[in-house]
Every structure is written in C-alpha cells, then in structure tokens.
Amino acid sequence: MQTRGILLNYEGTIDTNGQHWGAILWHKFQKHNIGLDKAAFNKAYMFSEAALATGDIIKPNHVFLDVLIHKITQQFNYLTYQGYQLDYAVIDSIAKECDQLAQRTLRKARGILEILSSAFPVVLVSNFYGNLNAVLTDFGIRKYFSDVVETTDSASHLNTEIYERGVKKLGYAAEECVAVGDSYNRDILPSKEIGCQTVWLNVESWEEWGIDELGISDAEIGDFNQLPRLLERWEPAFSTGL
C-alpha cells in the first residue's frame, strides 16, 4: 500500500526521542535527591497529568517550560499532601533541565521533520494540554505540520478517535497513512485499530504490561532518526537525501 501521509505523535516521540516524560522526571527527581520510591512518584505523576488535563491550569499561550513548572508543582503538591517534606525551590531547576533536554532533542529532530514534510503531509497527533500550537511555535517546528490534532484526555485507554481525526485531516484512506509514536497503547494500538500502518519508537516506555509480546506494530525503531530510512524501504519513490 502506498504511503501518502504521516501521523506523528509529539510528546515522547519527537521531543524526547522515545523517552517517556515520566521516566525523565523520575531520573531528575533522583538526580536532585528527592527522597521517594518509584511507586510514590508514579502516583504523583498520574495525579499531575489528571490535574493538568482537567483543571484550568494550562493556558493556550503557555510554552513548554510553563507546562513543566505546573506539572512538577502538581507532583510536589500531591507528595506534600502525602506527608513528604519537599523543597519547592528545586522545581525551577528540574523544569529548566527538562526544557533544555527537549530543545536539544528537537534541534536534532528538525532535519528529519524537514525531510518528512517535504515528501508527505504530516499531521501531528498528541495527548496534550490545549496549548500544543504555542509549544510548537515556541520551539520553531510548527511549520513542519500541515495540521495539529490535540486531545486533553489524560486516560491511558485506547483512543481511536484522535487518530480517526488525524486521518481525516490528511484526507487519505487509513491504509495509506503511517502512524508513528512511542506509546504502544496510546499510539500504536489505536492507529492500527483503524487501519493505519504503524511504526513504534521503542526506547523507554512507561507501560509495563507485556507489550513486547503483542507484535502488532508493522515496524519498530530505536531512534527517531531511523524513520526516513525505514520509509524509504517501504516507499521506493521516497528519497531521504541522506
């Protein structure tokens, strides 16, 4: 089947090259000697995700550093309520380190986005907080996407609707679209369910439920930079120029 369009996940795919933000923040908490076990951190992380998705916290004009500060603050609030003694002054340091990580990763990804968008229409599909266009513009990468489909649903269940919307934006049959993402249950399962070709960026997931055994994705990569070469093998008319 001919590839005619790309559905590309944002958070955890192109901004971290496959690392889940939960994993990154857990490493940062350890680096800054915030004493808690991973189970407590997981609960704090899930609390912050729900708070940002359902509350009136993130504004449409907020850039990614704003998101990080609010997210970590919500995590600290949850942990403080659970009885942990935390120094809120460290929040800015963690947020800035994470923002710089995203900036470095996106600088490396920019060339790949240029290659992809010059050959195919690329629609960005992401679970975010209602401010994704502001984040993309601030990072200087909005121009690479023909459209952006965003949902603020914080649930981790299979959500085919957002991918159906993405396919509709591309204007092609689902079978002619390649969906690329880092999350097996948020990206690969729902896009495959509606008939897309799928590429799983499998690096450092936050999901631990035997997903390696499912074998549903059409291809698997370990680095976002590998995507153009993979598409070149799938679609001989597509040249990476690499």
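The values are calculated or read from the model by the stated rules, or taken from the named source; none is laboratory data. Fair warning: this is a prediction, and the values are worked out from it, not measured in the lab. Cβ atoms come from the backbone with ideal geometry, glycine included; neighbour counts cover every protein chain shown. The area values use the complete protein model at the heavy-atom level, side chains included, leaving out ligands, DNA and RNA. Shrake-Rupley method; radii C 1.70, N 1.55, O 1.52, S 1.80 Å.
Data for the structure
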quantity	calculated
Of the criteria (1) more than 20 Å from Ala179 (Cβ to Cβ); (2) at pLDDT below 95, which one Asp138 fails	(2)
Test: Glu97 is within 30 Å of Trp234 (Cβ to Cβ), open to solvent by 10 Å² or more (accessible area, probe 1.4 Å), at pLDDT 95 or above and out of contact with any Ser or Thr (no Cβ under 9 Å at 6 or more places or on another chain)	no
Boolean, Glu150 is not hydroxyl-bearing (Ser, Thr, Tyr) and not in a helix (DSSP H, G or I)	yes
Flag if Ala23 is open to solvent by less than 20 Å² (accessible area, probe 1.4 Å), within 25 Å of Gln85 (Cβ to Cβ), assigned to a helix (DSSP H, G or I) and modelled with pLDDT under 95	yes
Selection from segment 85-117 of residues that are outside any helix (DSSP H, G or I) and in contact with a Phe, Trp or Tyr (Cβ under 6 Å, 6 or more places away or on another chain)	Leu86
Extreme residue, most open to solvent (accessible area, probe 1.4 Å), among residues of segment 191-210 that are among the hydrophobic types (A, V, I, L, M, F, W, C) and at pLDDT below 90	Trp209
Of all residues making up segment 150-161, the number that are closer than 18 Å to Ile58 by Cβ, open to solvent by less than 40 Å² (accessible area, probe 1.4 Å) and either at pLDDT 75 or above or not small (Gly, Ala, Ser) (or both)	1
Residues within segment 172-190 that are at pLDDT 95 or above and part of a loop (DSSP other than H, G, I, E, B), tallied	2
Candidate set from segment 44-59 (those that are surrounded by 15 or more Cβ atoms within 10 Å (Cβ to Cβ) and out of contact with any His (no Cβ under 7 Å at 6 or more places or on another chain)); member that is nearest to Gln74 (Cα to Cα)	Ser48
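Residue-wise test of (1) farther than 20 Å from Val149 by Cβ; (2) without any contact (Cβ under 8 Å) to a residue 12 or more places away in the chain; (3) small (Gly, Ala, Ser); (4) in contact with a strand residue (DSSP E or B) (Cβ under 6 Å, 6 or more places away or on another chain).
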{"position": "Leu7", "(1), (2), (3), (4)": "no, no, no, yes"}
{"position": "Asn17", "(1), (2), (3), (4)": "yes, no, no, no"}
{"position": "Ile24", "(1), (2), (3), (4)": "yes, no, no, no"}
{"position": "His27", "(1), (2), (3), (4)": "yes, yes, no, no"}
{"position": "Ala39", "(1), (2), (3), (4)": "yes, yes, yes, no"}
{"position": "Phe64", "(1), (2), (3), (4)": "no, no, no, no"}
{"position": "Tyr78", "(1), (2), (3), (4)": "yes, no, no, no"}
